[in-house]
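**Q** Sending over a structure as structure tokens; questions will come in a sec.
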Amino acid sequence: MLGGVTVVEGSENSLEIQELALFAVQEHNKNQNTVVEFVKVISAKEQVVEGVLYYITLEAKDCESNKIYETKIWDRPWLKLKEVQEFKFVGDAPSASTT
């Protein structure tokens, strides 16, 4: 649906969505002079505009702990342009094990 936001089914396994999430982390690192490491995609939504806006929730390692971030990426493939419009921390990732 043009203009509507839809869930990307199977986004956690989508190579395209993972590449976009990795791109967002790399851009964040470059712009903020940080070293955040991409771990995995949690979920994604997309909105068809002049191109596609992707809303991706991802997990990344920041220092010694995993964190959850939300990013918004505007992709216009016919122009070969991708732009990270937002990259924000939303909380700590649930720990896989307790030590």
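The values are calculated or read from the model by the stated rules, or taken from the named source; none is laboratory data. Because the structure is a prediction, the values reported are computed rather than measured. Heads up, the Cβs are rebuilt from the backbone with ideal geometry, glycines too, and the neighbour counts pull from every protein chain shown. Please note that ligands, DNA and RNA were not included when accessible areas were found on the heavy atoms of the full protein model with its side chains. Shrake-Rupley method; radii C 1.70, N 1.55, O 1.52, S 1.80 Å.
**Q** Taking Cα pairs under 8 Å and at least six residues apart, what relative contact order does the chain come out at, in percent? Please report the intermediate quantities before stating the final value.
**A** Details: 192 pairs, mean separation 22.1, N = 99.
RCO, the chain: 22 percent.
**Q** Just how many % of Cα pairs in the range 44-99 lie over 16 Å apart, if you round to the nearest whole percent? Walk me through the numbers before you get to the answer.
**A** Numbers: 789 of 1540 pairs.
Cα-Cα pairs of the range 44-99 separated by over 16 Å account for 51 percent.
**Q** Let me ask another. Can you pull the Rg over Rh of the chain, Cα-only, Kirkwood?
**A** On the way: Rg = 13.8 Å, Rh = 13.9 Å.
Over the Cα atoms of the chain, Rg/Rh equals 0.99.
**Q** What does the accessible area per residue of the chain come to in Å², with a 1.4 Å probe and no ligands, DNA or RNA counted?
**A** Values: 6450 Å² over 99 residues.
Averaged over the residues of the chain, the accessible area is 65 Å².
**Q** In the chain, carbon and sulfur make up what percent of the accessible area (probe 1.4 Å)? Each step should come with its number before you reach the end.
**A** Working: 3200 of 6450 Å².
The value for the chain is 50 percent carbon and sulfur by accessible area.
**Q** Still on this structure: For the range 50-62, just list the computed ³J(HN,Hα) in residue order, Karplus coefficients 6.51, -1.76 and 1.60, θ = phi - 60°, integers in Hz, with x standing in for Gly and Pro.
**A** 7, x, 9, 9, 9, 10, 10, 9, 9, 10, 9, 8, 10
**Q** Right, next: Take the chain, mark every one of the GluC sites (Glu not before Pro) that falls in a DSSP loop and has at most 11 other Cβ within 10 Å, then report the longest stretch left between them, sites excluded.
**A** Working: sites that count: E9, E50, E64.
Longest run free of exposed loop sites: 10-49.
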